[in-house]
Amino acid sequence: MNIIKTLDQLPEKRPVVLAFGFFDGVHRGHQAVLQACLQLAREKKAMPVAVTFYPHPLTVLLPSASIQLLLSESEKEELFKQMGFETTVVISPTEEFLGQSAGRFLQSLSRITSLCGIVTGENFTFGKNAEGNAELLNSYFLDKGVFIQIVKLEKAEGGVISSTRIRKCILQGDVKKAGYFLGRPYRICGDIIHGFRRGTEVLGFPTANLKPERERAVPGDGVYATRAFIRGRQYPSVTNVGTNPTFGNKERSIETFIFSFDEKIYDAPFALEWIEKIREEKQFPDIEALCRQIEEDIKRAKQILEV
Ligand SMILES: Cc1cc2nc3c(=O)[nH]c(=O)nc-3n(C[C@H](O)[C@H](O)[C@H](O)COP(=O)(O)O)c2cc1C
Ligand SMILES: Nc1ncnc2c1ncn2[C@@H]1O[C@H](COP(=O)(O)OP(=O)(O)OP(=O)(O)O)[C@@H](O)[C@H]1O
């Protein structure tokens, strides 16, 4: 994947079709925009380019805001690549960039000599206070030889699919619905860290403790059917998110019990796919009651994962 940092660095000789957005999650709505960009580029014999941002514009305008993202920068680029994009522009948005008027942004686009098409969704906005919209983009380029394609909004379950809506589902534990809106299960990559070793020594259910990236959306507390990915292989598993009230931990942890697995995995890259919530995390009166419940959780996870 060829990553460039500004629109000025786009090739001057080869025509380009751009798709604009933050694209967090690369959900089904984003996929419609990106597919339309690939298709238009094929028709125009042009290079399709996804134009995105990092960090999230909100955190630039409001540094105290914390946003819980659905993808890391590299995961988003990998998804663009899998769809067929060879080049991505990742703009680091400054306050000045975000504060420019819609008119100035349009002028800067019209200076790209190789620009032959732009694709966005119906709800795309740009410029200070989101004053520019898809309609303005269309009217501005009407007589400038740049084809503007506005993609209809992808909807599901009574509303428009959006990154914000998917983040809410995940925080509320509805990872099944999040996966439906994303078009694939929600996935978190991260390092394995050491827990208190109670899982192995007290309960008989050893767990891999996942430490996700700092800005990552983590499903709400509860027990989930999950799939773990280690060294390119996938394993059915069950994951508890929470503070382990039975033991009164202070910190929230993400602990995965992988079925039929007894390797040491501290240094291996680890990823977890979240399939469906099983139950809330609870305080148990004793360790035996917790263990009995974990046995039930494993049975239910196996049903959900069909293993
Ligand atoms: C499937 C599963 C379900 C769990 N459910 C609960 C729960 O409801 N309440 C709780 O206090 N701890 C629960 N735990 C967490 C255990 O308390 C935890 O695995 C144990 O404290 C080991 O922690 P350690 O890895 O830090 O040693 C669950 C663990 C697993 C694997
Ligand atoms: N449901 C959708 N259907 C079609 N296009 C969409 C949809 N949602 C977003 N888009 C388009 O995808 C591009 C990226 O949008 P953006 O990153 O703002 O996503 P979003 O899901 O709307 O995010 P947020 O929830 O943060 O507003 C834009 O061109 C936008 O118009």
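I'd like the full set of residues that are surrounded by 15 or more Cβ atoms within 10 Å (Cβ to Cβ) and part of a loop (DSSP other than H, G, I, E, B), limited to region 12-24.
Pro15, Gly21, Phe22, Phe23, Asp24
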Count of residues meeting criterion [farther than 26 Å from Asp262 by Cβ and of a type in the set (Val, Ile, Thr)] in region 218-251
2
Looking at the structure I just gave you, is Val160 in contact (Cβ under 8 Å) with a residue 12 or more places away in the chain, surrounded by fewer than 18 Cβ atoms within 10 Å (Cβ to Cβ) and either under 19 Å from Ala32 (Cβ atoms) or within 16 Å of ligand 1 (Cβ to nearest atom) (or both)?
yes
Of those in region 70-127 that are without any contact (Cβ under 8 Å) to a residue 24 or more places away in the chain and either among the aromatic types (Phe, Trp, Tyr) or closer than 26 Å to Lys152 by Cβ (or both), the residue nearest to ligand 1 (Cβ to nearest atom) is Gln82
Hits in region 119-148 - residues which are among the polar types (S, T, N, Q) and either closer than 20 Å to Pro57 by Cβ or in contact with a Cys (Cβ under 8 Å, 6 or more places away or on another chain) (or both)
Thr120, Asn123, Thr125, Asn129, Asn133
When region 178-208 is examined, which residues are found to be of a type outside the set (Ser, Thr, Tyr), buried (at least 18 other Cβ atoms within 10 Å of the Cβ) and more than 16 Å from ligand 1 (Cβ to nearest atom)?
Ala178, Gly179, Phe181, Leu182, Ile188
State all residues of region 1-51 that are of a type outside the set (Gly, Ala, Ser) and within 9 Å of ligand 2 (Cβ to nearest atom); if no residue qualifies, say none.
Phe20, Phe22, Phe23, Asp24, His27, Arg28, His30, Gln31, Val33, Leu34
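Okay, residues lined up against (1) within 15 Å of ligand 2 (Cβ to nearest atom); (2) not aliphatic (A, V, I, L, M):
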position	(1), (2)
Lys152	yes, yes
Glu157	yes, yes
Ile161	yes, no
Thr164	yes, yes
Arg167	yes, yes
Gly173	no, yes
Lys177	yes, yes
Gly183	yes, yes
Ile188	no, no
Any residue at all in region 278-293 that is assigned to a strand (DSSP E or B), closer than 17 Å to Ile192 by Cα, near ligand 1 (Cβ under 9 Å from one of its atoms) and in contact with a strand residue (DSSP E or B) (Cβ under 7 Å, 6 or more places away or on another chain)?
no
Does Gly145 satisfy the criteria of being crowded, with 18+ Cβ neighbours inside 10 Å and more than 13 Å from ligand 2 (Cβ to nearest atom)?
no
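Readers should treat all values here as calculations from the given coordinates under stated rules, not as data from a laboratory. Model, not experiment: these values are computed from the prediction. Neighbour counts are summed over all protein chains in view; Cβ atoms, including those assigned to glycine, are modelled from backbone coordinates with ideal geometry.
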